[in-house]
Structures are given as C-alpha cells and as structure tokens.
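Participant: Following this message is one structure expressed as structure tokens.
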Amino acid sequence: TPKPMLPVGDKPLMERVVEQLQSAGIRRVNVTTHFQPEAITEHFGDGKRFGVEIQYVEEEHPLGTAGAIGLLSVTDEPLLVINGDVLTRVDFRAMLDFHDEQKADMTVAVRHYDFQLPYGVVETDGAEISGIVEKPTMKHLIIAGIYLLSPNTCENIPTGVPLDMPELIAKLIADNRRVVCFPIHEYWLDVGQHADYQQAQTDFAGGKTT
C-alpha cells in the first residue's frame, strides 16, 4: 500500500490532506504517482467527490521530492507542495499570506525538533577535558515537507530531472533568491516509519489531528 493511502481512522491519510486543502480554498490538485498509482487514482478519481479537481502526474522513474514539479504546467499563482505522508493542521492560508508578505521565491514550512543525546558529551581543549554536559538536548528546526514556490521558481525546475527539495533550496540560496521559513505550531506528524503510523492512529483517536 502506498504510504499516502494508509488509513488513519476511517480514511486514507491522503484523503485527510485533500479535505484540508479543499477547506483552505484550494480547488486544483496535482498528484504525482509512481508506486502502485492505481491505489490512488481509483480512490480519488477526478476529485469531484472531494470538492477538488485532481490531475495525475506519473513519474516513469522517481524524480525526488521536487523533480516532479518540472512536469507541471507553470501558472501565475504560487504552488503549494506537500509530501503525501504528512499529517498536519497547519493553516495554509496563513502560510500563503506570509509567503506574499515576505516576497519570497520559496517558503519552507519548518518544525521545532528536540533530540536528547543518550550520552554525556565531552568538551575538550586539546587533550584536556574542560567539561561534561550530561545527555544534552539538541534543538533544531527541521523541514516539515510543506513548501510554497513562486511561479518564477517553478519555471526554472528542469523537466524529467531528479531533484530533491534540499537541493532546490541550496540552489536558490546560491543564486541569491529569497528563501524563508514558516514555523508550524499546529499539529504535525511525518508518517515515515511504523512507529509514526501508530502515533498517527493514537493522535486521531485522541482528537489531535482534527
């Protein structure tokens, strides 16, 4: 089963994403497919049942998290890109407003992530130990798998060439383009591992995902 079609409660994960897009006012949705595309196309069809218009872009070979954008027709509106295995309650309208206010070429949704090292960390000065920090917590901002791209960014993505989002971000920065971050404070979960999927089920049962 493709990860986006794994059930969360009584609906596939991707159906919950599509419903959220529809409620935010988004009507045109492009879905890139590769692994078992029929599992997705047979469920969603043309999207009318879900209040949106769905078009499918099949990748003959995996193009990465950004490469498939090069297969889309460029419009004069910003393009929202979201990974198919992300469960979130982020406010897409607020993200678009922020993107416009910042006059950004690309807005990257980010999330605070804390990780506690299970060991004591040794601080050194040459061979001498100058201190020890016991099991410190590392705090970072991580990419949340949600992006807004301006039309001039989309039109510069090559067609049919594998490209991941971190590569695209690095290229934009190298070209002195404006890339900004949009912190997510709402519920967010990347359903990438078995434990994450179990967490999604628990969160849904507890009402956190709605």
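The values are calculated or read from the model by the stated rules, or taken from the named source; none is laboratory data. Nothing here was measured: the structure is a model prediction, and the numbers come from that model. Note that we place each Cβ from the backbone using ideal geometry, even for glycine, and neighbour counts take in every protein chain shown. Accessible surface areas use protein heavy atoms only, side chains included; no ligands, DNA or RNA. Shrake-Rupley method; radii C 1.70, N 1.55, O 1.52, S 1.80 Å.
Participant: Within region 21-46, how many residues are open to solvent by less than 20 Å² (accessible area, probe 1.4 Å) and polar (S, T, N, Q)?
Facilitator: Qualifying residue count, region 21-46: 1.
Participant: Can you tell me which residues in region 1-20 are open to solvent by 40 Å² or more (accessible area, probe 1.4 Å), in contact (Cβ under 8 Å) with a residue 40 or more places away in the chain and in a helix (DSSP H, G or I)?
Facilitator: Lys3
Participant: Among the residues of region 94-103, is there at least one that is on the phi < 0 side of the Ramachandran plot, touching a residue at least 60 places away in the same chain (Cβ under 8 Å), surrounded by 10 or more Cβ atoms within 10 Å (Cβ to Cβ) and within 15 Å of the chain's Cα centre (by Cα)?
Facilitator: yes
Participant: Which of the residues belonging to region 116-159 are within 30 Å of Phe182 (Cβ to Cβ) and open to solvent by less than 30 Å² (accessible area, probe 1.4 Å)? Write out each step before concluding.
Facilitator: Taking region 116-159 and keeping what is within 30 Å of Phe182 (Cβ to Cβ), we get 116-117, 136-159.
Listed by number, the residues that qualify are Pro136, Ala144, Gly145, Ile146, Tyr147, Leu148, Leu149, Ser150, Thr153, Cys154, Ile157.
Participant: Additional query: Residue by residue through region 23-46, note down the ones that are part of a loop (DSSP other than H, G, I, E, B) and free of Cβ contacts under 8 Å to residues at least 24 places away in the same chain. Give the derivation first.
Facilitator: To start, the set of residues in region 23-46 that are part of a loop (DSSP other than H, G, I, E, B) comprises 24-27, 34-36, 45-46.
Listed by number, the residues that qualify are Gly45, Asp46.
Participant: Please go through region 161-178 and give me each residue that is surrounded by 13 or more Cβ atoms within 10 Å (Cβ to Cβ) and under 15 Å from Leu71 (Cβ atoms), ordered by number.
Facilitator: Those that are surrounded by 13 or more Cβ atoms within 10 Å (Cβ to Cβ) and under 15 Å from Leu71 (Cβ atoms): Pro162, Leu163, Leu168.
Participant: Suppose we filter region 73-93 for residues that are assigned to a helix (DSSP H, G or I) and either free of Cβ contacts under 8 Å to residues at least 12 places away in the same chain or more than 13 Å from the chain's Cα centre (by Cα) (or both); how many remain?
Facilitator: So the count comes out to 1.
Participant: Of everything in region 179-195, what is surrounded by 16 or more Cβ atoms within 10 Å (Cβ to Cβ) and within 25 Å of Pro2 (Cβ to Cβ)? Give them in sequence order.
Facilitator: Scanning region 179-195 gives Ile184, Trp188, Leu189, Asp190, Val191.
Participant: Moving on to the next point. Within region 47-62, restricting attention to residues that are part of a loop (DSSP other than H, G, I, E, B) and under 21 Å from Gln36 (Cα atoms), which residue is most open to solvent (accessible area, probe 1.4 Å)?
Facilitator: Filtering first and then ranking leaves Glu60.
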